[in-house]
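Take a look at the structure below.
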Amino acid sequence: MVMPVNFLCNEEKIEIIGGKLQKKIQRLFNGSLAIREVDTGSTNSCEHELTALSNPYYDVERFGISFVASPRHADMLMVTGPVTRNMREALIKTYEATPDPKIVVAVGNDAINGGIFRGSYAVLDGVDKIIPVDFQIPGDPPSPKTILCHLLKILVVIEEKDHGENK
Amino acid sequence: MLNLISAQFSFFLALLLLAIGAVGSLTFAKKDWLANLWGNGLAILASVSGLVAAVKVLIFNEAFTYTINSTFSNLSLSLAVDKLSAFFVLIISLVAFLSSIYGIGYVKHFYNKYNLGVLGFFYNIFLVGMLFVVSAHNGFFFLIVWEIMSLASYFLVIFENKENNNIKAGSLYLVMTHVGTAFIMLAFLLLYRATGSLDFSVIKANIGNASLLIKNLVFIFALIGFGTKAGIIPFHIWLPSAHPAAPTHVSALMSGVMIKTGIYMFIRLFVEILSGTELWWGATILIIGIISSLLGVLYALTEHDIKRLLAYHSIENIGIILLGLGSAMIFLSLNLKTLAALSLVAALFHTLNHATFKALLFMGAGSVISQTHTRNIEEYGGLIKFMPQTALYFLIGSLAISALPPFNGFFSEWLTFQTIFSGIQIPDILTKSMFILAAGSLAFTGGLAAACFVKAFGVTFLARPRSVAVLQARESGFFMRFSMAALALATLILGIFAGSVSKIILGAVNNLTGFQRVSGIFFTQKQTFELSNGFAAISTPMIFVILSVVLLLIYGIVKILTSKRKVKIGRTWDCGTKLEPQMEITATSFARSIVIIFKGALKPSKQLEIEYRDADMRYFPKSRNVELGIVDVYRFYFYQPLRDLMIRLSGYAKNVQIGILNVYIAYIFLILLILLFVQS
């Protein structure tokens with residue numbers, strides 16, 4: 001499932017997006033969504049934006065989102081970077097180490113299709129060439145607010161799917 | 001069938017079989033497999049015969065004495081097997097039986113390398129020596145068989161003589177054991193002077209003639225002499241080097257049984273013959289027990305050589321046995337016979353238990369060594385996947401030695417605790433504080449022993465292989481597995497039926513002079529053991545049942561709760577890198593934190609060597625080398641100065657030896673003159 005690139009949510013404040021996220025997380029993940037970030041050779045721009053989510057301005061931990069140190073604890077993998085050859089095996093290992101059910105999100109244009117590195121001999125052109133990707137967050141890099149909006153959207157999709165299966 | 005054979009007959013049959021085994025293996029030395037089968041096979045038959053003898057004496061009260069008189073009454077061959085002797089014959093035979101079976105499988109890797117005829121010869125002679133030692137009833141005869149036992153074990157220690165270290169260990173053992181024997185001789189000569197006989201029963205009858213000074217001297221000399229064999233600290237230094245050097249089934253016998261002959265003579269001499277009159281004797285033994293048990297286990301923690309580790313645990317367990325024996329002697333001097341009997345039961349029970357689980361552990365270690373060809377536990381790792389049965393038996397041995405229920409070590413340590421608690425009730429403040437110290441050290445020892453076996457088992461069997469040799473390891477052969485399984489079962493049975501066993505041991509104690517009428521120390525009903533003063537009670541079968549039920553319950557609950565869960569087996573999460581054996585916790589790193597806590601006692605050493613790329617500009621190190629170890633305190637502060645002193649004294653003595661014949665004649669003349677004056 002790929003998000004439309006023009007999905008924007010400039011109108012809303014972070015607290016409002018966060019409040020909605022919190023409700024979803026409460027329902028779907030019992031109050032806490034654990035994310036493991038995997039850097040597969042990114043330019044570090046996406047990392048900066050993801051790190052910003054934890055700073056005092058965004059502070060996503062108040063909404064129940066936390067970045068964890070081990071994929072064993074994670075519900076969601078956020079993969080950045082175009083996947084260099086050297087990181088291929090590490091990515092597969094991380095994917096295997098994450099318990100099922102898991103959500104894989106490719107963050108940034110590099111991760112979606114290789115971005116500006118596309119076609120280089122050193123990269124494998126996107127995460128979905130290596131492991132199954134559920135969602136994509138476009139942008140080079142996506143701003144923290146964009147990431148939050150996409151997260152909300154992802155949870156909405158998951159919730160709808162969940163309802164569909166229960167019916 | 002059992003009634004047809006008398007205890008005496010089967011005891012002598014055992015000796016005869018061992019003699020045939022010894023001579024036969026030399027005869028068949030040319031053929032390795034025949035020498036192996038003959039030497040070990042006859043030892044097996046002899047141990048069965050010995051077991052029958054011991055059981056007949058212990059249960060059917062068939063104690064016997066046997067004497068061949070000679071014109072010199074002191075040189076007569078005199079044997080007496082009472083219940084105490086029979087108890088030790090039982091331990092010797094039990095361990096010898098399983099060690100010999102183990103030996104059949106174990107010595108195969110010596111084929112075409114060493115002379116197995118010689119091994120069979122000394123092995124059987126060693127067993128003969130031990131059987132005689134615990135049955136000898138005459139001082140002179142005792143010294144002869146003691147020497148036979150020591151020499152036979154010396155030759156077994158240096159059996160693998162292609163390794164230089166073994167020769168060194170053997171020499172150290174030879175020197176130490178003869179120093180011990182010298183002290184034992186002194187003790188016997190003093191007894192002879194005081195009582196006019198070397199026969200144990202005559203000495204016992206006439207001990208009243210001996211002055212207190214003589215008795216005290218006998219105590220000190222015997223303590224050093226037999227203590228050297230038992231491996232008490234500080235006379236233990238031969239033990240950690242000699243036991244690992246011997247072939248494994250011999251190590252099991254030496255560590256499990258031979259050092260107990262020292263305990264046997266402690267009991268025979270101090271409790272029965274000298275009848276433990278002095279309070280300070282018991283106190284000394286108790287303090288030696290405290291020191292040996294604590295330091296023994298601490299040194300074991302620092303060891304990386306698996307057999308040396310086990311040897312240090314022998315010192316620890318001798319310490320625990322001495323805690324029981326020391327309490328017994330203190331109670332005896334205070335005329336508390338029932339408590340003394342209880343302590344003796346505790347000490348003897350632990351002797352039996354230690355023999356079983358230490359033999360088991362040595363055999364487990366031997367199986368590992370025979371597959372990996374190294375004794376360094378840092379080079380093991382992950383062996384549970386290659387030798388699952390050996391791992392299980394070693395685990396059982398580890399649980400038993402760590403005094404965990406339902407295995408036998410738990411019960412005897414519990415009993416030792418009870419005697420120490422009874423000692424704390426003595427009003428005298430000095431004695432009381434000593435017992436409090438003993439209780440603390442015993443508890444501490446138990447904890448450290450458990451820590452040490454977490455290390456020994458974990459580093460050996462768990463995690464990933466740390467050397468190529470481990471990858472080629474295979475499960476050991478049938479004979480070796482059989483012995484280990486039998487001993488593992490024995491530790492469990494001795495633990496569960498501890499009530500009955502302690503009753504039999506009490507029978508042996510009641511057999512000692514002064515303890516005949518002591519009874520009602522404890523009750524056993526359906527294996528439930530209760531001290532008669534109502535202070536404590538325990539039911540070992542109940543513990544076993546509860547533990548089994550709890551384990552089954554946990555297994556069942558987990559099974560039910562996880563029945564709907566899908567199990568997925570994947571790789572261990574390693575942060576995307578490759579898991580390497582270097583990442584594992586090693587024995588050194590596990591023990592180091594504990595060693596640092598006890599650095600006052602252990603004196604850890606650390607050597608850091610850095611080689612720089614450019615010696616003038618010390619910025620880029622080429623290699624770093626850290627060596628962690630501990631200082632051998634005894635060698636540096638006790639034996640080295642002693643040795644230097646001896647050499648200096650010998651230097652002075654050399655001045656007398658001029659090498660001119662006339663001077664020597666003058667010496668003789670002078671001595672004659674002095675003697676004449678003294679006589680007149």
Touching a residue at least 12 places away in the same chain (Cβ under 8 Å), among the aliphatic types (A, V, I, L, M), surrounded by 10 or more Cβ atoms within 10 Å (Cβ to Cβ) and more than 14 Å from every other protein chain (Cβ to nearest Cβ) - does that describe any residue in segment B:549-562? no
Let me spell it out: the conditions are (1) farther than 20 Å from A:Arg36 by Cβ; (2) assigned to a helix (DSSP H, G or I), and A:His150 meets all of them except one. Which number is the exception? (1)
Search result, residues across segment B:443-465 that are open to solvent by less than 40 Å² (accessible area, probe 1.4 Å) and among the small types (Gly, Ala, Ser): B:Gly446, B:Ala449, B:Ala450, B:Ala451, B:Ala456, B:Gly458
Spot the failing condition for A:Tyr95; the list is (1) free of Cβ contacts under 8 Å to residues at least 40 places away in the same chain; (2) in a loop (DSSP other than H, G, I, E, B), and only one is missed. (2)
Considering residues of segment B:493-517 that are open to solvent by 40 Å² or more (accessible area, probe 1.4 Å) and under 29 Å from B:Ser398 (Cα atoms) only, the residue modelled with the highest pLDDT: B:Ile493
Scan the helices (runs of 4 or more DSSP H) fully inside segment B:549-659 and keep the ones with 2 or more residues being among the charged types (D, E, K, R) and at pLDDT 85 or above. B:640-654
Being open to solvent by 10 Å² or more (accessible area, probe 1.4 Å) and either modelled with pLDDT under 90 or facing chain B (nearest Cβ under 9 Å) (or both) is the filter here; which residues of segment A:87-105 pass it? A:Met87, A:Glu89, A:Ala90, A:Lys93, A:Glu96, A:Pro99, A:Asp100, A:Pro101
Go through (1) at pLDDT below 90; (2) surrounded by 22 or more Cβ atoms within 10 Å (Cβ to Cβ) one by one and return the number of the condition B:Asn408 breaks. (1)
Quick check on this structure: which one of B:Val95, B:Val52, B:Val89 is closer than 20 Å to B:Leu18 by Cβ, at pLDDT 90 or above and open to solvent by 30 Å² or more (accessible area, probe 1.4 Å)? B:Val52
Assess whether A:Pro138 counts as being within 14 Å of chain B (Cβ to nearest Cβ) and either open to solvent by 40 Å² or more (accessible area, probe 1.4 Å) or touching a residue at least 12 places away in the same chain (Cβ under 8 Å) (or both). no
Kindly provide the set of residues from segment B:205-255 that are touching a Gly at 6+ places or on another chain (Cβ under 9 Å), open to solvent by 30 Å² or more (accessible area, probe 1.4 Å) and over 20 Å from B:Leu309 (Cα atoms), ordered by number. B:Asn206, B:Asn209, B:Ile224
Flag for B:Ile543 being open to solvent by less than 50 Å² (accessible area, probe 1.4 Å), among the β-branched types (Val, Ile, Thr) and either within 17 Å of B:Thr419 (Cβ to Cβ) or not in a helix (DSSP H, G or I) (or both): no
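Yes/no matrix, rows are residues, columns are (1) closer than 22 Å to B:Leu531 by Cα; (2) free of Cβ contacts under 8 Å to residues at least 40 places away in the same chain; (3) assigned by TED's automatic domain parsing to the domain that holds B:Leu323:
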| residue | (1), (2), (3) |
| --- | --- |
| B:Ile429 | no, yes, yes |
| B:Ser433 | no, yes, yes |
| B:Ala439 | yes, yes, yes |
| B:Gly447 | no, yes, yes |
| B:Leu462 | no, no, yes |
| B:Val468 | no, yes, yes |
| B:Ser476 | no, no, yes |
| B:Met484 | no, no, yes |
Within segment A:70-125, track down each residue that is touching an Asp or Glu at 6+ places or on another chain (Cβ under 8 Å) and among the basic types (Lys, Arg). A:Lys93, A:Lys102, A:Arg118
Can you tell me which of B:Arg571, B:Arg624 is open to solvent by 80 Å² or more (accessible area, probe 1.4 Å), within 14 Å of another protein chain (Cβ to nearest Cβ) and either in contact with a Leu (Cβ under 9 Å, 6 or more places away or on another chain) or in contact (Cβ under 8 Å) with a residue 24 or more places away in the chain (or both)? B:Arg571
Of the residues that sit in segment B:108-126 and are at pLDDT below 90 and polar (S, T, N, Q), which one is nearest to the chain's Cα centre (by Cα)? B:Asn115
Subset of segment B:520-548 (residues that are among the small types (Gly, Ala, Ser) and either touching a strand residue (DSSP E or B) at 6+ places or on another chain (Cβ under 7 Å) or in contact (Cβ under 8 Å) with a residue 12 or more places away in the chain (or both)): B:Gly520, B:Ser532, B:Ala536, B:Ala537, B:Ser539
A:Pro82 vs. criteria within 9 Å of chain B (Cβ to nearest Cβ) and either under 14 Å from the mean Cα position of the chain (by Cα) or open to solvent by less than 60 Å² (accessible area, probe 1.4 Å) (or both): no
Residue tally, condition open to solvent by less than 100 Å² (accessible area, probe 1.4 Å) and more than 14 Å from every other protein chain (Cβ to nearest Cβ), over segment B:574-589: 7
Mind listing whichever residues of segment A:39-67 are open to solvent by less than 40 Å² (accessible area, probe 1.4 Å) and among the β-branched types (Val, Ile, Thr)? A:Thr40, A:Val60, A:Ile65
Got a sec? Which of B:Ser422, B:Ser398 is over 22 Å from B:Leu309 (Cβ atoms) and assigned to a helix (DSSP H, G or I)? B:Ser422
I'd like to know if segment B:243-256 contains one or more residues that are farther than 21 Å from B:Asn165 by Cα and not assigned by TED's automatic domain parsing to the domain that holds B:Arg375. yes
Would you mind stating whether B:Leu156 is under 30 Å from B:Lys113 (Cβ atoms), touching a residue at least 60 places away in the same chain (Cβ under 8 Å) and of a type in the set (A, V, I, L, M, F, W, C)? yes
What number of residues within segment B:500-534 satisfy the criterion of being in a strand (DSSP E or B) and among the β-branched types (Val, Ile, Thr)? 2
Residues of segment B:74-98 being among the small types (Gly, Ala, Ser) and within 16 Å of the chain's Cα centre (by Cα), which ones? B:Ser93, B:Ala96
For segment A:30-79, how many residues are basic (Lys, Arg) and away from chain B (no Cβ under 14 Å)? 1
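The values are calculated or read from the model by the stated rules, or taken from the named source; none is laboratory data. These numbers come from a predicted model, not from an experiment. Glycine also receives a Cβ, built like all others from the backbone with ideal geometry; neighbour counts cover every protein chain displayed. Surface areas here come from the heavy atoms of the whole protein model, side chains and all, with no ligands, DNA or RNA. Shrake-Rupley method; radii C 1.70, N 1.55, O 1.52, S 1.80 Å.
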